[in-house]
Amino acid sequence: VHTIKLKNQHGKVFYDKLTYIYLEMPNFGKLEYGLATRLDQWLYFIKNLEDFQQIPAIFKDEVFTQAFEKAELANFKQDDLDRYEYSLKVFRDNKATYDYAIETAREEGTSKGIAEGMAQGLSQGLTQGISQGLTQGLTQGISQGLTQGITEGILKVAKALKASGIATDIIAATTGLSIAEIEKL
């Protein structure tokens, strides 16, 4: 490792905010068992990456695992990389669709549940007493409405995914419905 700073003709550093650090990788000779610092690990990783057949035990933490994944992607042929990126896009699209459907179903279920709960609560409240009826009706109506709204939202998503040609097993995994339920849609 060489550290270089800007100095004047008298050898005095005149600008301490700029430092160049040069690494001579061929001169880095530490072995796996001799890596004492995080810098040593990174230098060893960079120098020996192309020789690794599998991830060494010292590189099991998340940062190095991600670095190995990126290195594998860098070695993909263009066709493989295109397929990988397409599958990643499909996955993200499906997840976004599912997340949106769940959120929409939750909102619909909440509003429907509140409306049904209010109606049911008011009806029961008049016959059983306003206090008891409102509490019980709201709770039961919200619960039923949420459940019904979420179920309807999941069925909507499943229909949309099926209509767009997504495989039944992927729809089942995404929505939690059985394959038989999806085929009935």
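The values are calculated or read from the model by the stated rules, or taken from the named source; none is laboratory data. Treat the numbers as computed from the prediction; the structure is a model and nothing was measured. We place every Cβ from the backbone using ideal geometry, glycine too, and count neighbours over all the protein chains shown.
Structure notes:
- Among the residues examined, residue 101 qualifies as small (Gly, Ala, Ser), touching a residue at least 12 places away in the same chain (Cβ under 8 Å) and farther than 30 Å from residue 26 by Cα.
- Residue count for segment 27-38, restricted to those that are over 14 Å from residue 56 (Cα atoms), modelled with pLDDT under 85 and assigned to a helix (DSSP H, G or I): 1
- Tally of residues being among the acidic types (Asp, Glu) and closer than 14 Å to residue 4 by Cα across segment 16-35: 2
- Candidate set: segment 1-32, residues that are exposed (fewer than 10 other Cβ atoms within 10 Å of the Cβ) and among the polar types (S, T, N, Q); chosen: the one farthest from residue 49 (Cα to Cα): 9
- Residue match in segment 95-102 (condition: surrounded by 13 or more Cβ atoms within 10 Å (Cβ to Cβ), in contact with a helix residue (DSSP H, G or I) (Cβ under 6 Å, 6 or more places away or on another chain) and closer than 30 Å to residue 166 by Cα): yes
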